[in-house]
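Enquirer: Sharing a structure, written as structure tokens. Questions coming.
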Amino acid sequence: MTMENKRRAIFTVLSEILHDNSLWEVMWYWQEHYSDKPQFELNHFLADCASVPEISENRSWLYRQLIGVLMDKNSDLKPDPWPQMNQHKNQSGSGDGAELQDDWSEVFTTLMNRFMHGLRSDNQYSLGKFLLHHCKQCDLPQHSQISMTHWLASRDLMDLRGVKKSQLKSLLNASYIATCELIGPVEADKILSNAIRDAHFELAEQPLDVRTLL
């Protein structure tokens, strides 16, 4: 199946339950992370998108529908959504403030990797669940919520394009408070200080200063 037809198949199924921004964010996530992968990876794709309620609540149905459409050469597919996807990407990337132009993806991912490294695996799991919940409260874009789910599973780079610095500061502060509850303030202070120090050293060539997220 051609790339265009695969995209049409994914769009045909997802557009049954997703609309507007959520649809385009999930379509772009598929395009950038799964468009070149085999069909059996679709279950991983849906797992990555678990932060989208419509997907988490209909995961089994979606998987069956996607497999069925991709395997049926005679499926009635909707037109290629590529033009709408690009239109959405151009609009969402056209922030009107200087803060929106800064991409904190590498900086925040590096910091949170260092932060997580200081925790035991069970506490990493607890903090991860908390982060997924809090990123919705911080009103992070859908694509960032999805990429955070993926980061928790594999420590891949978060996609934080369009996320404000103030939102990331709130997320880091909430992570610190949650860690205080898990292991106490003394250990939490130590872990945060070490994470900031190590991330600052690792990102020495980065123009964005990780220390300003405190």
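The values are calculated or read from the model by the stated rules, or taken from the named source; none is laboratory data. Quick caveat: nothing in here was measured; it's all calculated off a predicted structure. Don't worry about glycine lacking a Cβ; one is built from the backbone with ideal geometry, like all the others, and counts go over all protein chains shown.
Enquirer: Could you give me the residue pairs with C-beta distances under 6 Å whose first residue belongs to the stretch 45-59 and is over 14 Å from Glu25 (Cβ atoms) and modelled with pLDDT under 90, whose second residue is of a type in the set (Gly, Ala, Ser) and assigned to a loop (DSSP other than H, G, I, E, B) wherever it lies, and which are 6+ apart or on separate chains?
Expert: Going by the 6 Å Cβ cut-off, the qualifying pairs are Ser56/Ala50.
Enquirer: Suppose we keep only residues that are under 20 Å from the mean Cα position of the chain (by Cα) and part of a loop (DSSP other than H, G, I, E, B) within the stretch 40-73. Which one would you say is surrounded by the fewest Cβ atoms within 10 Å (Cβ to Cβ)?
Expert: Result: Glu57.
Enquirer: Could you give me the residue pairs with C-beta distances under 9 Å whose first residue belongs to the stretch 133-147 and is of a type in the set (S, T, N, Q), whose second residue is assigned to a loop (DSSP other than H, G, I, E, B) and surrounded by fewer than 21 Cβ atoms within 10 Å (Cβ to Cβ) wherever it lies, and which are 6+ apart or on separate chains?
Expert: Gln142/Ser51; Ser144/Arg161; Ser144/Gly162; Gln145/Ser51; Ser147/Asp156; Ser147/Leu157
Enquirer: While we're on this one: I'm checking my understanding of the structure. Among residues of the stretch 17-35 that are under 18 Å from Met71 (Cβ atoms) and in contact (Cβ under 8 Å) with a residue 12 or more places away in the chain, which one is surrounded by the fewest Cβ atoms within 10 Å (Cβ to Cβ)?
Expert: Only one residue fits best here, namely Ser35.
Enquirer: Residue by residue through the stretch 134-148, note down the ones that are part of a helix (DSSP H, G or I) and surrounded by 12 or more Cβ atoms within 10 Å (Cβ to Cβ).
Expert: Step one: of the stretch 134-148, the residues part of a helix (DSSP H, G or I) are 134-137, 142-148.
Correct list: His134, Cys135, Lys136, Gln142, His143, Ser144, Gln145, Ile146, Ser147, Met148.
Conditions tested, residue by residue: (1) under 22 Å from Asp102 (Cα atoms); (2) basic (Lys, Arg); (3) over 18 Å from the mean Cα position of the chain (by Cα).
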{"position": "Asn123", "(1), (2), (3)": "no, no, yes"}
{"position": "His133", "(1), (2), (3)": "no, no, no"}
{"position": "Lys190", "(1), (2), (3)": "no, yes, yes"}
{"position": "Asp209", "(1), (2), (3)": "yes, no, yes"}
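Enquirer: Quick check: anything in the stretch 164-174 more than 28 Å from Leu23 (Cα to Cα), over 21 Å from the mean Cα position of the chain (by Cα), among the aliphatic types (A, V, I, L, M) and not assigned by TED's automatic domain parsing to the domain that holds Glu25?
Expert: The answer is no; no qualifying residue exists.
Enquirer: I'd like to know if the stretch 104-121 contains one or more residues that are in a helix (DSSP H, G or I) and within 17 Å of Trp28 (Cβ to Cβ).
Expert: Yes; the residues of the stretch 104-121 include at least one that is in a helix (DSSP H, G or I) and within 17 Å of Trp28 (Cβ to Cβ).
Enquirer: Here is a further query. So Leu208 ticks every box in (1) touching a residue at least 40 places away in the same chain (Cβ under 8 Å); (2) part of a helix (DSSP H, G or I) but one. Which box is left unticked?
Expert: Among (1) touching a residue at least 40 places away in the same chain (Cβ under 8 Å); (2) part of a helix (DSSP H, G or I), the lone unmet condition for Leu208 is (2).
Enquirer: Give the residue, chosen from Met3, Met85, that is in contact (Cβ under 8 Å) with a residue 24 or more places away in the chain, surrounded by 12 or more Cβ atoms within 10 Å (Cβ to Cβ), closer than 22 Å to Leu160 by Cβ and aliphatic (A, V, I, L, M). Let's see the steps before the verdict.
Expert: Values: Met3 fails: closer than 22 Å to Leu160 by Cβ.
The match here is Met85.
Enquirer: Restricting attention to the stretch 149-163, which residues are part of a helix (DSSP H, G or I) and within 9 Å of the chain's Cα centre (by Cα)?
Expert: Hits for the stretch 149-163 are Thr149, His150, Trp151.
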